[in-house]
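Undergrad: Quick one: structure below, then a few questions.
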Amino acid sequence: MRIRIINFTLAISRDDYIERATAVAPEFAQWPGLLGKWWIGDAESATYGGVYLFATREDADRSRDTDMHRNIFENPALTNVTMHEYDLLDAPTALTTPEVLAAR
């Protein structure tokens, strides 16, 4: 499994962002191999983003070649965008969040 964490600063209001995010959320749900996306935010620092869980590294790689992914980096409403990806460590995760591994 592969985890992606994207963070950015909002250049629009929190309410406008939530409205836009809610509108595009179903498109993310169509990504093959995306097991879940958690939308995160901190109103105090205006830092928002997402945590994505992919079934495989290949699924994560494939998702980067979509308009939805590219838009995150090109959207003027989102600034200071950062992205990091990690492999999920199965053994300790099986002890702390077994349902994640069962999703395979």
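Every number in this text was worked out from the coordinates using simple rules, so none of it is lab data. These numbers were taken from a predicted model, which means no experiment stands behind them. Note: ideal-geometry Cβ built from the backbone for every residue, glycine included; neighbour counts use all protein chains shown.
Undergrad: Charges at C-beta only: +1 for Lys and Arg, -1 for Asp and Glu. How large is the resulting dipole of the chain about its Cα centre, in Debye rounded to 20?
TA: With only Lys, Arg, Asp and Glu charged at Cβ, the dipole is about 140 debye.
Undergrad: I want to make sure I understand the PRE zone here: with the label point 7 angstrom from the Cα of A77 toward its beta carbon, which residues in region 1-19 have backbone N atoms less than 18 Å away?
TA: The answer is 6-19, whose backbone nitrogens lie closer than 18 Å to the label point.
Undergrad: Less than 12 Å Cβ to Cβ from R20, Lys/Arg counted +1 and Asp/Glu -1: what total charge do the surrounding residues give?
TA: Taking every other residue near R20 into account, the sum is -3.
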